[in-house]
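The values are calculated or read from the model by the stated rules, or taken from the named source; none is laboratory data. If you're wondering where the values come from, they're calculated on a predicted model, not measured in any experiment. Cβ placement follows ideal geometry from the backbone for every residue including glycine, while neighbour counts extend to all protein chains displayed. Quick note on the areas: whole protein, heavy atoms, side chains included, nothing else; ligands and nucleic acids left out. Shrake-Rupley method; radii C 1.70, N 1.55, O 1.52, S 1.80 Å.
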Amino acid sequence: MNRVLVPLELDASMPMLGAQAHCLDGQTMGTTWQVRWVAAGASPSEMVRVAVQDELDLVVAQMSTWLESADLERFNRAPAGTWHTVPEAMAEVLAAALWLAEISGGAFNPAAGALVNLWGFGPSPRYTDPGFAPPTEGAVQHALALNDWRALQWQAASRQLHQPGGVRLDFSAIAKGYAVDRVSRRLSGMGLPHSLVEVGGELRGQGLRLGGQPWWVDLESPPTAPGQAPLPTTRVALHGLCVATSGDYRRVYTHDGARWPHTIDPRNGRPLANGLASVSVLHTECLWADAWSTALTVLGREQGLALATAHGIAALFVQREPDGRLTETLTPAMKELAG
Ligand code: AMP
Ligand code: MG
């Protein structure tokens, strides 16, 4: 059985006659990017590459935790009691992240950098380094004390952020989606409204592809246990729509038989252990699809379903049950897209 998700609003404008399909790709943020677009006449490929790179570089220069010179890293290293002017794009992402932190009760936490690093998911040390050992209880408690996003004083109007001391921001759960939005908008601004933009698996589709079809995307399902039939394929028409996926099945490492996803529960300072294999979120903005998919993954199926439903979020939860079987749950907004 297959499931087809189509947006509730359709825009009828078609690519021009004689239009051609184009594709570019590259690397950014420790992952890959790809841009497909449909345009008439000579390919403006070089112009597109420069524009895409420009947007991605801006996000990295401001929000990377892997670049010492990034504004975010400079804030992370700053002494206690100092105020910092946050650049515009970073301010936009910070405001969204703080809002989601508040309404998710800290399940989504842009100030969880100390914990992320402690568990080896930051730049260094990496959990893949030889001899990497899980942190001690004392180290977890120490990092937990530093992961309080409420301790951040943020003055939105003047874009001033206060470093209370030792707080480490990490925007990895939201910045890829934000970068996708920026690239997509930049293309539209260049007169290219028919595009599919992807950074590290987070996607945004605008307009239509060649032939007048929407940008169809299949959501990757986690593999089922032996004996269980595969999950239905979910096919989404990314027409003015974005999709992001978080969860434990794509990036996970095992230690003494336990599965550790890259996502931390900032409420207890440990990698998630709630059995969620993946959460996919559809949203008109990729920033929100990305951030919500991480938030709902941390909250787990029951709490996540309740919060997503209350906010009208279209989400698909794939839960690994105690017997190893996978089960799917759709929020009402997701069911609506499935028709
Ligand atoms: P994503 O793949 O979008 O779910 O983002 C995962 C990344 O976000 C991790 O590799 C961490 O850098 C960071 N992260 C981990 N846990 C959290 C959390 N609870 N809230 C916000 N960011 C997190
Ligand atoms: Mg995310």
Legend entry - Qualifying positions in region 15-41 - touching a residue at least 24 places away in the same chain (Cβ under 8 Å) and over 30 Å from Leu316 (Cα atoms): Pro15, Met16, Ala19, Gln20, Ala21, His22, Ala39, Ala40
Legend entry - Filtered residues of region 198-223 (kept if within 16 Å of ligand 1 (Cβ to nearest atom), of a type in the set (A, V, I, L, M, F, W, C) and surrounded by 22 or more Cβ atoms within 10 Å (Cβ to Cβ)): Val199, Leu203
Legend entry - Checklist (1) more than 17 Å from the chain's Cα centre (by Cα); (2) closer than 24 Å to Gly269 by Cβ; (3) crowded, with 20+ Cβ neighbours inside 10 Å applied to Arg77, failing item: (3)
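So which strands (runs of 3 or more DSSP E) are wholly in region 170-249 and hold at least 1 residues that are more than 21 Å from Ala21 (Cα to Cα)?
In region 170-249, the matching strands (runs of 3 or more DSSP E) lie at 216-219, 233-237, 241-246.
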Inset, instruction - Scan region 133-150 for residues that are without any contact (Cβ under 8 Å) to a residue 60 or more places away in the chain, within 16 Å of ligand 1 (Cβ to nearest atom) and surrounded by 14 or more Cβ atoms within 10 Å (Cβ to Cβ) and report the count. - result: 4
Legend entry - Contacts under 7 angstrom Cβ, first residue in region 181-192 being on the phi < 0 side of the Ramachandran plot, partner surrounded by 17 or more Cβ atoms within 10 Å (Cβ to Cβ) and charged (D, E, K, R), 6 or more apart: Asp181/Arg204; Asp181/Glu285; Arg182/Glu55; Val183/Glu55; Ser184/Arg204; Arg186/Glu55
Inset, instruction - Looking only at region 107-123, decide whether some residue is away from ligand 2 (no atom under 16 Å from the Cβ), exposed (fewer than 14 other Cβ atoms within 10 Å of the Cβ), outside any helix (DSSP H, G or I) and of a type in the set (Gly, Ala, Ser). - result: no
Inset, instruction - Answer yes or no: is there a residue in region 298-318 that is buried (at least 23 other Cβ atoms within 10 Å of the Cβ) and within 11 Å of ligand 1 (Cβ to nearest atom). - result: yes
Inset, instruction - Consider Trp99 carefully, then state whether it is open to solvent by 70 Å² or more (accessible area, probe 1.4 Å) and under 15 Å from Ile174 (Cβ atoms). - result: yes
